[in-house]
Each structure stands twice: as C-alpha cells, then as structure tokens.
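Novice: Below is one structure. I have some questions about it.
The values are calculated or read from the model by the stated rules, or taken from the named source; none is laboratory data. Because the structure is predicted, anything quoted here is derived from the model rather than measured. Cβ placement follows ideal geometry from the backbone for every residue including glycine, while neighbour counts extend to all protein chains displayed. Accessible surface areas use protein heavy atoms only, side chains included; no ligands, DNA or RNA. Shrake-Rupley method; radii C 1.70, N 1.55, O 1.52, S 1.80 Å.
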Amino acid sequence: MEFRNLDMNDLEEIIALQNAVYDSLGDKEVLETLTKEEFAEIIRQGYIIGVFKGDVLVATRSMYIPPADEPEHLADDAGISGKDRVIYSEITFIDPSSRGQGLQTEMGRDLICRVRESGNFDHILTTVMPGNVPSLKDKFRLGFKIVKTTYKYGGKKRHIMQLDLFDAPAPTGEAENVHFRDTEWMLANSEGYIGDNLTGEYITYYKKNNHRM
C-alpha cells in the first residue's frame with residue numbers, strides 16, 4: 001500500500017469512498033459526512049493523507065483548520081482561548097476490505113507529526129460518539145484525552161477530545177473507572193474530570209486538578 005498526500009485530483013474519489021463507507025454502516029450516527037466543498041477546503045489547507053492499493057483509494061484521514069468564528073467551535077468546549085492555535089482531527093474513512101490493518105492510527109501519527117512540525121498549533125481537538133469504541137481506541141492510542149462530554153450537532157452526544165502537542169503531563173491522583181456506555185455520569189461530571197484511557201469497557205478518569213491540560 002502507498003501513503004501519499006491528496007490533492008484536488010483526488011476529490012471525486014474521496015467523495016466516492018466516503019459514500020461507500022457511509023452506506024456500509026449499520027449505525028449512520030457514527031459518521032458525520034462532509035460535503036465536496038468542505039473536502040476541497042481541507043485539501044487546500046494541506047492536511048489530508050490517503051492510502052492507495054494500486055490505483056484505488058482505500059483510506060483517508062485529514063485535519064481541518066476551523067475559522068475562529070465557527071459556530072460550536074470545539075475550543076469553547078475545551079476551554080481554550082487561543083483559537084488560532086487549534087486544529088481539528090477530522091474525518092477518517094477506511095474501505096471495509098482494508099480494515100484491521102492499523103491504517104487509521106498510522107495515518108493519524110503521520111498527520112500529528114506534520115501538525116507538530118509546522119509549529120502553527122498547540123492543540124488538536126476532535127469529537128467522538130461515545131459508543132464508537134474503535135474511534136475511542138484510536139484517539140487514546142494517539143494521546144487524545146476526553147475533556148468534555150456534551151451535546152453537539154443538533155443534540156447528538158459527543159466526547160470532546162484534546163491532544164496537547166507540546167505540554168501533556170501525566171495524570172496523578174485516584175482513578176475513577178467508568179463504563180464507556182455510562183454517558184449520564186460523563187455528562188454530569190465531565191467539567192471536573194479528564195478521560196485518560198480505555199481499558200476493556202472502562203474509561204479511566206482523573207480529576208482535572210490532578211491532570212493539567
């Protein structure tokens with residue numbers, strides 16, 4: 001398989017892959033699809049990678065630089081004032097025939113390395129549906145933490161996850177293990193806790209005063 005940057009010549013193939021992945025999903029709420037115009041802007045910003053099997057695009061992952069005045073900006077949820085230093089971890093698609101090979105995390109590491117090396121950002125933010133365990137595992141492997149659980153996108157439950165690129169101290173204090181489906185606890189307590197990792201079916205939380213982000 002070949003990893004490479006994507007450009008405008010790949011736009012139609014990106015949309016086709018998105019549609020094929022979306023159609024294959026049993027739970028469509030797992031995936032917030034993007035428009036052709038949104039993908040074109042991501043390509044212009046330069047943080048999008050693709051995986052090809054021969055000449056066929058089988059996976060893609062991207063980052064997106066949001067405008068500071070974007071409605072529902074994730075920096076507001078994370079309590080970050082410097083919105084100009086924030087980039088989003090955006091959408092990932094992997095063709096069903098190419099899953100289980102670690103492509104999602106490998107693409108994530110590549111993009112995070114590029115974002116860090118640019119020196120233009122301090123934080124990467126993203127949202128994850130609480131029941132999407134593969135996506136949660138991917139984000140935790142890459143170093144993201146749950147900084148808030150709330151309602152986004154017209155009332156859908158989402159974890160707000162944050163990766164600090166240059167200052168990410170380890171947590172201290174007593175851990176609270178919460179089942180990944182116990183979203184009521186998360187909604188009630190996320191202002192005071194950081195979700196640090198996922199072991200089995202439980203997310204380990206620490207009090208925020210013991211885990212500076």
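Novice: Across the chain, where is the longest run that never hits chymotrypsin sites (Phe, Trp or Tyr not before Pro) in a DSSP loop with at most 14 other C-beta atoms within 10 Å?
Specialist: It works out to 1-152.
Novice: Testing the spin-label approximation: label points 7 Å from Cα along Cα→Cβ at residue 117 and residue 33. State their distance in nm.
Specialist: 3.4 nm
Novice: By the scheme Lys and Arg +1, Asp and Glu -1, what is the net charge of all other residues having a beta-carbon under 13 Å from that of residue 187?
Specialist: +2
Novice: Per residue, how many Å² of accessible area does region 99-206 show with a 1.4 Å probe?
Specialist: Accessible area per residue: 45 Å².
Novice: Within the chain, which is the longest segment containing none of the GluC sites (Glu not before Pro) that sit in a DSSP loop and have at most 16 other Cβ atoms within 10 Å?
Specialist: 73-173
Novice: Once all Cα-Cα distances of region 4-112 are split into 10 Å bins that start at 0, what whole-number percent is in each one?
Specialist: Per 10 Å bin, starting at zero, the Cα-Cα P(r) for region 4-112 comes out as 13, 44, 33, 9, 0 percent.
Novice: Of 137, 145, which has the most accessible area and how do the rest follow, probe 1.4 Å?
Specialist: Sorted by accessible area, descending: 137, 145.
Novice: Using only the alpha-carbon atoms of the chain, report the extent along each of the three principal axes, biggest first, to the nearest angstrom.
Specialist: For the chain, the Cα extents along the three principal axes come out at 51, 36, 32 Å.
Novice: Taking 20 Å as the cut-off for C-alpha to C-alpha distance, list the pairs among 83/156; 137/157; 145/207; 36/139; 83/145; 83/207 that go past it.
Specialist: Cα-Cα > 20 Å for 83/156; 36/139; 83/207; rest within.
Novice: Now, a different point. Of the heavy-atom accessible surface of the chain (probe 1.4 angstrom), what whole percent is carbon and sulfur?
Specialist: Exposed carbon and sulfur together represent 46 percent of the surface.
Novice: What translational diffusion coefficient, in µm²/s and rounded to a whole number, does the Stokes-Einstein relation yield for region 107-213 at 10 °C and a viscosity of 1.306 mPa s, taking the hydrodynamic radius as the Kirkwood radius over Cα pairs?
Specialist: D, rounded to a whole number, is 112 µm²/s.
Novice: In a shell of Cβ-Cβ distance under 14 Å around residue 38, excluding residue 38 itself, what net charge do Lys and Arg (+1) and Asp and Glu (-1) give?
Specialist: Computed value for this residue: -3.
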